[in-house]
Structures are given as structure tokens and as C-alpha cells.
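Quick notes on the structure that follows.
No lab work stands behind these numbers, since they all come straight from the coordinates. Note that the coordinates shown come from a computational prediction; the quantities given were computed from them, not determined experimentally. Note that we place each Cβ from the backbone using ideal geometry, even for glycine, and neighbour counts take in every protein chain shown.
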Amino acid sequence: MYDFGFIGVGHMGATLANAVIGAVGSGKCAVCDADDGRAKLYAAAKGCDVLSAREVAERCRYILLGVKPQNMAELAADIGPVLKSRDDYALVTMAAGVTIETLCDMLGFTAPILRIMPNTPAAVGAGCMLYATGDRLRAEDRDVLLEALKPTGELVETPEALMDAGCAISGCGPAFVYKFILTLAGAGESVGLDGDTALKLARQTVLGAAALAVESGEDPRILCDQVCSPGGSTIEGVRSLEAGSFAAEVEKAVRASFDRTVALGKGK
């Protein structure tokens, strides 16, 4: 019997597996993937075992489902009959838009489930993971899972009804930040900096500004005001952002991501 089983070790599945294996050790974990070669490479690198999806369902205490929303119904049909005969397991799902109720419908019964929505900065321990607890999940199992996932970064309990909205910020937001870094660096080049220097400045500035916002706990509007001396250069740039469509475009991006997450949950 294994403590943890990972069905799917793509980018995010592997990120979570790395965190859990680091916390509990590779000997207590097993993996599988639709790409058997990828599963074997991952297992060889981490020193854990490779099983089939059904074997994970049979032999693992905590089972993390790292498959795409479009593939969840097929996986549920495969492992559901195995899980239905067990009462000593818990599932973790990270499929965007797939609610706990929907996953239970796919399985054909009500299962103990922790639903999570991680983001890519989890790979460096700086993630922001949303989570919601299903009615059948035992408190002690929830605590074990959250402790194992703690190395990924911040864990934020979220009402499941708001998880898609939260994911549009934490799950999709890193891509928006990377686009901002690239845009800021490109603007630096336009005023004379070389590309490497501009990118280094943009990366570190975003990192430092975010760290100050988190560690100080200060309202970002106040932090912004602290940079903007009256009549100075920063306030001119901020005024330019406010006069343009910066805020509107960010809101449109979040809305577009939210709408797509909802659509994925409906199988579209």
C-alpha cells in the first residue's frame, strides 16, 4: 500500500508530486501517466514506482488526479469501479471547471474529494493554491493532504462556488504577469537599454514589488503613492496607464479566463 499515488505527471502533476515526495519520501509514492514513457522517466528520477491508473486506485491511500478536464470522465470510468469498493482513500482533483459534484457524477457515487487549483509558481514553493473540501472528506485526511501540499506555497481555502473566479486570478494570473514582464522589458529597450539588462530589471522589479506588497501587508494603493512623488517621473507613467486601457484590459483578460474555465467545466 502506498500513501500517495499520482495519476498524471505532466507539468502541474509533476510539480505537486515533487512537493509531496519531498515531504513524505519517494518510497511512499507511486505514479502513472497516459504517456508511459513519461511516467517511467519521472519515477526513475525520483525513485518511486510506476503503476497503472487502476493499480493506483487499488493501492494508494491518497490519489491525486492530474489529468485535463476533457479527460476526467474517461479516467473516472476507469477507476470508479475500483474505488467504489474502498472506504480508505481520498481523491484530489485539480481539473479546471470540474466541480466535486461533477466528478462524483462521473464516478457514479459520492467520493471523498479535495478539490484544488494550484498555479505554476508552486514549482519554486511560491504558489497560491485554492482548495475546497467535499462533504465526504474526513477532516484528518484533509489535514494530511494540506500538510503534504504545503511546500508548494500559500494554501487558500475557497468556497467551491468561487473557485473558478479565484482560478482566473491565481491560476491564470502568472501568465499575465509574465506578459507584463516582457512588455516592461520591451519598453525598456525602446528607451535605450539592451535586451538582457531590460529583462533583468523587469524581472527583479516585479519580484521585489510583489515581495514588498506581501511582506509589508500594505494596501497596494498606498505603496503606489509612495513611489509617486508629486511632479516626478513615476506619476507621469502612472497617469499614462490610467489614461489608457490598462485596467480595462486586465479585467477583460480575467473575465475571458473565467468564462473559459466555466465552459471547460461544462465539457465545451
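May I ask you to compute the full-extension gain from V82 to A243, defined as 0.36 nm times their residue separation minus their alpha-carbon distance, rounded to one decimal in nm?
Length gained between V82 and A243: 52.1 nm.
For the peptides 86-96, 133-143, the ranking by mean Cβ contacts within 10 Å, running from highest to lowest, is 86-96, 133-143. Its relative contact order, with pairs defined as Cα atoms under 8 Å and 6+ residues apart, puts the chain at 16 percent. From the coordinates of this entry, Cα extents along the principal axes in Å is computed, and it appears in (1) 71, 37, 32; (2) 65, 38, 37; (3) 51, 43, 36 under the label (1).
With a Cα cut-off of under 21 Å and a minimum spacing of 8 residues unless on different chains, the lysine pairs in the chain number 10.
With the cut-off at 19 Å, report for segment 104-248 the share of all Cα pairs above it, as a whole percent.
For segment 104-248, the fraction of Cα-Cα distances above 19 Å is 67 percent.
Neighbour counting of Cβ atoms within 10 Å sorts the residues R38, R255, fewest neighbours leading, into R255, R38.
Cβ crowding within 10 Å ranks E215, E189 as E215, E189, fewest other Cβ atoms first. Build a GNM of the chain with springs between Cα atoms under 10 Å apart, and of A73, A187, A44 the one that fluctuates most is A187. DSSP finds beta bridges in the chain, and of those with both partners inside it, around 15 percent are antiparallel. Sorted fewest first by neighbouring Cβ atoms within 10 angstrom, I7, I181 come out as I181, I7. Of interest is the spacing of the C-alpha centroids, which for segment 130-157 and segment 211-228 amounts to 30 Å. Shown for the chain are the DSSP H helices of 24 Å or more along their axis, judged by Cα atoms, with a mean Kyte-Doolittle hydropathy of at least 0.5: 173-190, 195-216.
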